[in-house]
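**Student:** Can you keep this structure in mind? I'll have questions shortly.
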Amino acid sequence: MTVTRFAPSPTGYLHIGNLRTALFNYLIARKAGGTFILRIDDTDPERSKEEYVDAIREDLEWLGLTWDRIERQSARLERYEAVADRLRADGRLYEAFETPTELDLKRKKQLNMGRPPVYDRAALALSEDEKDRLRAERGGHWRFKLDHARIEWADGILGDTSIDAASVSDPVLIRGDGQMLYTMASVVDDTEMGVTDVVRGADHVTNTATQIQIIAALGGSAPRFAHHSLLTGPQGEALSKRLGTLALRDLRAGGVEPMAILSLLARLGSSDPVELRGDLSSLIEGFDVSRFGAAPTKFDAEDLGPLTARVVAALPFESVAGEIAALGVPEGIAGQFWDVVRENIATRSEMAGWWALFRDGAAPEIAEEDRAFVAEAFALLPPHPYGPETWGAWTAQVKEATGRKGRGLFMPLRLAVTGRARGPEMAEVMPLLQKPLAG
């Protein structure tokens with residue numbers, strides 16, 4: 001059975017970059033009728049916060065990306081310790097004592113000598129007495145000893161991929177303070193939870209190589225890996241500089257619709273055009289991770305605006321009936337109200353502005369040269385309440401009386417009635433006006 005996972009760290013709010021990874025893994029699992037796991041990577045007690053765990057759940061639920069089960073890595077620390085003991089016994093996990101400053105000096109020296117900045121495994125040459133002396137001074141961290149061989153895998157997006165393990169530093173799996181790091185926890189969880197497919201960003205390619213060796217050292221089978229391209233800004237700039245404005249909670253507060261986001265991310269960077277879909281099931285059916293490319297993918301948040309407007313316009317009345325009722329729109333005209341405004345709003349929140357206009361009237365916008373014309377026109381206005389025929393009958397009478405026609409006739413009257421140059425057909429607006437127009 002296909003099993004995928006999304007493993008966010010609860011150290012901040014989910015953003016567009018996180019979501020791309022979550023969505024791909026979700027779609028793969030659902031298309032195969034498999035299992036999608038939400039795995040909270042909360043092994044860092046200082047940075048992990050429960051408010052972010054709650055926010056992650058809230059964001060995913062808002063988008064409809066429901067999980068089959070949730071796991072907390074903080075509840076599995078004993079399992080990680082047991083695996084670490086096994087790796088120590090097998091000679092694959094060794095203790096090292098260099099400080100960050102010492103490691104940085106080593107890297108600079110290697111670079112100056114034209115060598116790759118790879119950890120030199122100096123810790124393997126330490127005697128037990130030297131280790132005891134260093135332990136008394138500082139906490140030791142634990143590194144996985146890589147086999148210096150070429151690591152190869154068939155990547156679902158990048159194709160056949162290989163990395164020479166000799167060009168990579170032995171990864172630190174456990175920090176000096178005892179904290180289990182991502183690489184260790186991820187390997188243990190993926191192996192023991194039966195994860196079959198892992199989709200993540202291209203910045204994890206080196207991690208994947210080392211994890212494949214760790215999985216092999218534990219006697220497990222590596223999942224299928226696929227590394228999607230990283231998102232950039234519209235000009236190719238690093239998206240990381242703008243993530244504060246691309247948090248899902250902020251997009252939601254701005255009125256962006258879930259299916260606008262999901263439709264865009266499910267195709268962005270692939271060989272397929274972006275198509276607005278009405279529900280997740282249609283996204284699932286058409287998803288194929290192999291159709292995505294490796295080149296950096298430009299993301300422009302402005303693209304979400306038109307997509308959201310199209311999502312909103314297509315919503316059935318039943319989907320917005322509660323929101324319309326909350327505005328105070330009388331039940332008898334609620335359906336009519338929705339039919340009139342749906343094509344003229346960018347987000348659901350804009351319904352409130354239209355209802356305020358229909359309920360209370362608008363501040364007229366009248367050009368100085370149109371004042372006499374508008375005054376004459378309003379003198380010819382039929383009595384309230386207005387019906388669907390009011391606009392046509394009124395403008396015909398005004399045309400006959402003033403000789404105006406076309407835009408010179410209709411636009412000044414639209415602006416005088418609504419205060420807006422654009423909007424629904426005026427024949428539809430007039431019946432919704434709850435008060436008589438004042439000339």
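The values are calculated or read from the model by the stated rules, or taken from the named source; none is laboratory data. Remember, predicted model here, so these are calculated numbers, not experimental data. Virtual Cβ from ideal backbone geometry, glycine too; neighbours counted across all protein chains shown.
**Student:** Please count how many residues of the stretch 159-192 are more than 30 Å from R135 (Cα to Cα), touching a residue at least 12 places away in the same chain (Cβ under 8 Å) and over 25 Å from the mean Cα position of the chain (by Cα).
**Tutor:** Count: 6.
**Student:** Then there is this: Answer yes or no as to whether L304 is part of a loop (DSSP other than H, G, I, E, B), within 18 Å of L23 (Cα to Cα), at pLDDT 95 or above and not charged (D, E, K, R).
**Tutor:** Here the answer is no, as L304 does not meet what is asked.
**Student:** Return the total of residues in the stretch 307-337 being assigned to a helix (DSSP H, G or I) and farther than 21 Å from P273 by Cβ.
**Tutor:** The number of residues fulfilling the criteria is 19.
**Student:** (1) surrounded by fewer than 17 Cβ atoms within 10 Å (Cβ to Cβ); (2) in a helix (DSSP H, G or I); (3) over 35 Å from the mean Cα position of the chain (by Cα): which one isn't true of E365, the others all being true?
**Tutor:** (2)
**Student:** Suppose we keep only residues that are over 17 Å from T4 (Cβ atoms) and in contact with a Pro (Cβ under 6 Å, 6 or more places away or on another chain) within the stretch 172-223. Which one would you say is surrounded by the fewest Cβ atoms within 10 Å (Cβ to Cβ)?
**Tutor:** T183
**Student:** Follow-up question, since we're still on this one. Could you count how many residues in the stretch 193-217 are without any contact (Cβ under 8 Å) to a residue 60 or more places away in the chain and over 29 Å from the mean Cα position of the chain (by Cα)?
**Tutor:** 2
**Student:** Polar (S, T, N, Q), touching a Ser or Thr at 6+ places or on another chain (Cβ under 6 Å) and either assigned by TED's automatic domain parsing to the domain that holds R252 or not in a loop (DSSP other than H, G, I, E, B) (or both) - does that describe any residue in the stretch 12-32?
**Tutor:** yes
**Student:** What about E61, is it among the acidic types (D, E), outside any loop (DSSP other than H, G, I, E, B) and more than 30 Å from Q213 (Cβ to Cβ)?
**Tutor:** yes
**Student:** Still on this model: Within the stretch 379-393, is even one residue touching a Lys or Arg at 6+ places or on another chain (Cβ under 7 Å), under 23 Å from F337 (Cα atoms) and either assigned to a helix (DSSP H, G or I) or of a type in the set (D, E) (or both)?
**Tutor:** The answer is no; no qualifying residue exists.
**Student:** Do we have any residue at all in the stretch 201-212 that's charged (D, E, K, R) and either touching an Asp or Glu at 6+ places or on another chain (Cβ under 6 Å) or at pLDDT below 95 (or both)?
**Tutor:** For the stretch 201-212, residues charged (D, E, K, R) and either touching an Asp or Glu at 6+ places or on another chain (Cβ under 6 Å) or at pLDDT below 95 (or both): present.
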